Amino acid sequence: METAGHNPAEKFIPRLVFWETTKGCNLRCVHCRATATELSSPTDLSTAQSLDVIDQIAAMAKPILVLSGGEPLFRSDIFQLARYATEKGLLVALATNGTLVTKEVARMISNSGVKRVAISLDGADSRTHDSFRGIPGAFDAAVQGLRNLQELGMSTQINMTIARHNARQLPQVLAMARNLGADALHTFLLVPVGCGVNIAADQMVPPAEYEEMLNWFYDQSKVGGIELKATCAPHYYRVLRQRRAEEKPSVQAAAAAAEAQHAAAHGQHAGHPMHIGPTDMTMPGSTGIAFTPNLADQKPTHTAAMSATTKGCLAGSAVCFISHQGEVYPCGYLPVLAGDLRKTPFAEIWRDAEVFTTLRDTSNLEGKCGCCEFKNVCMGCRARAFAASGNYLSEEPFCVYEPHTTEWAKTEHTRTDQAKLDRTVHATLTVLQ
């Protein structure tokens, strides 16, 4: 029974809101979540409607607002929206392909109040990137856009969508990100939605190889010098705990001490960032994972403690996605409608949407995820579960881990017995025929 005056939904506050401001885009990426149009779509929210969306979000909370697309720079009013959101107290980030970021556009971005810009680079060279993005010259233009922003002192990050064609370039992309002076490198495992469905069979990285990547990321995180994050990889939280369990307790103690010292010096505390940091600026489908397991020999960041207390999949509990038409979803890769801002207020959708309330309760998870001892810190990628089975509560199809729980052992025993029975029945029927 609920305590009088207490609403369980109050503990779930939107921390990251990703907004597909337009469907228009100048590239033709083979993996894209959306189906881009040549120009800004006529069904994009108007300026007045967009300003109202910002008002609704700001009235409820003060999350980081990531302006994305399509290509957000296709909107002629994008700088007006960024400035308005900033004035309303929101931390604003921009996710762009970078090809339109001339020196003048970079200055307009900076002047609009945007705190960080993420630019997509899906390979360590133009051949790899351009083949994925569908336009020759996209790589060079994106790199120049990154440099134009950095010349103005803007915080920049590189986003990389991982598929079979570029998975082995991860070390080179990390080296490139360091050499370019990016503040962060965020990787995204391909999710088979939108255009990604058409290439999933050929381009999805096998689960075992993906597990190797997550362990590689953990190792690289200890080198320092750049923020590393894997997105749509909630099972990294299992890897994180497994790896930390193998290391000395002093590692965690040093990390906690460094974080506490830094937070005290800057008047900050976990969960209330003063700027956009490594666990904050991600793309739709974000997990909020920061790869900073060892701060003993690194410059501490105020978000390290946050990464230690958050969980893997944040869709519907701390993250949501708004489409170019004002539809609200748990994340940009999970096409289960929560509501429509043209009909229902944001606060009401966030509080009451069935898909949100369902995702907030890990006891609803099914299959291997439902039995896993790590489910409360991982949850599995709900978007990939939906893409694989049509059920967003089913087990994560790209996780190789086998739970060490009695419940799962019983389930596996039942599955084995059923499989044996099926084979026996099939053999009997074959003989009778």
### Query
Could you list, in sequence order, the residues of segment 54-63 that are touching a residue at least 40 places away in the same chain (Cβ under 8 Å) and assigned to a helix (DSSP H, G or I)?
Gln56, Ile57, Ala59, Met60
### Query
Of (1) within 26 Å of Ala208 (Cβ to Cβ); (2) crowded, with 19+ Cβ neighbours inside 10 Å; (3) among the polar types (S, T, N, Q), Ser131 satisfies all except one. Which?
(2)
### Message
Being among the hydrophobic types (A, V, I, L, M, F, W, C) and open to solvent by 10 Å² or more (accessible area, probe 1.4 Å) is the filter here; which residues of segment 96-111 pass it?
### Response
Leu100, Val105, Met108
### Summary
In segment 372-388, anything in contact with a helix residue (DSSP H, G or I) (Cβ under 9 Å, 6 or more places away or on another chain), surrounded by fewer than 24 Cβ atoms within 10 Å (Cβ to Cβ) and of a type in the set (Gly, Ala, Ser) is listed as Ala387
### Query
Which of (1) of a type in the set (D, E, K, R); (2) assigned to a helix (DSSP H, G or I); (3) open to solvent by less than 50 Å² (accessible area, probe 1.4 Å) is the odd one out, the single condition Arg351 does not satisfy?
(3)
### Query
Based on what the data block shows, is Asn364 at pLDDT 95 or above and surrounded by fewer than 17 Cβ atoms within 10 Å (Cβ to Cβ)?
yes
### Task
Check whether at least one residue in segment 112-124 is in contact (Cβ under 8 Å) with a residue 24 or more places away in the chain, acidic (Asp, Glu) and open to solvent by 10 Å² or more (accessible area, probe 1.4 Å), and report yes or no.
no
### Query
How about segment 296-329: which of its residues are within 25 Å of Thr362 (Cα to Cα) and at pLDDT below 70?
Thr303, Ala304, Ala305, Met306, Ser307, Ala308, Thr309, Thr310
### Query
Has segment 325-339 got any residue that is within 21 Å of the chain's Cα centre (by Cα), open to solvent by less than 40 Å² (accessible area, probe 1.4 Å), among the β-branched types (Val, Ile, Thr) and more than 30 Å from Asp52 (Cα to Cα)?
no
### Query
Which of the residues that make up segment 210-236 are in contact (Cβ under 8 Å) with a residue 12 or more places away in the chain and over 23 Å from Arg164 (Cα atoms)?
Lys222, Gly224, Gly225, Ile226, Glu227
### Message
With the requirement that a residue be farther than 19 Å from His235 by Cα, at pLDDT 90 or above and either in contact with a Pro (Cβ under 6 Å, 6 or more places away or on another chain) or not in a helix (DSSP H, G or I) (or both), what does segment 162-205 give you?
### Response
Gly181, Ala182, Asp183, Ala184
### Task
Being buried (at least 24 other Cβ atoms within 10 Å of the Cβ) and more than 26 Å from Met176 (Cβ to Cβ) narrows it down to one of Ala48, Ala93, Ala59, Ala82, so name that one.
Ala82
## Note on the structure
The condition of being surrounded by fewer than 17 Cβ atoms within 10 Å (Cβ to Cβ), closer than 20 Å to Val101 by Cα and aliphatic (A, V, I, L, M) holds, among Leu146, Leu152, only for Leu152
### Message
I'd like the full set of residues that are modelled with pLDDT of 90 or more and either within 15 Å of Leu190 (Cα to Cα) or surrounded by 21 or more Cβ atoms within 10 Å (Cβ to Cβ) (or both), limited to segment 215-233.
### Response
Glu227
### Query
In segment 20-41, how many residues are modelled with pLDDT of 55 or more and under 27 Å from Leu90 (Cα atoms)?
8
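The values are calculated or read from the model by the stated rules, or taken from the named source; none is laboratory data. A quick note: this is a predicted structure, and the numbers were derived from the prediction, not measured. No Cβ is skipped: glycine too gets one built from the backbone with ideal geometry, and neighbour counts run over all protein chains shown. Quick note on the areas: whole protein, heavy atoms, side chains included, nothing else; ligands and nucleic acids left out. Shrake-Rupley method; radii C 1.70, N 1.55, O 1.52, S 1.80 Å.
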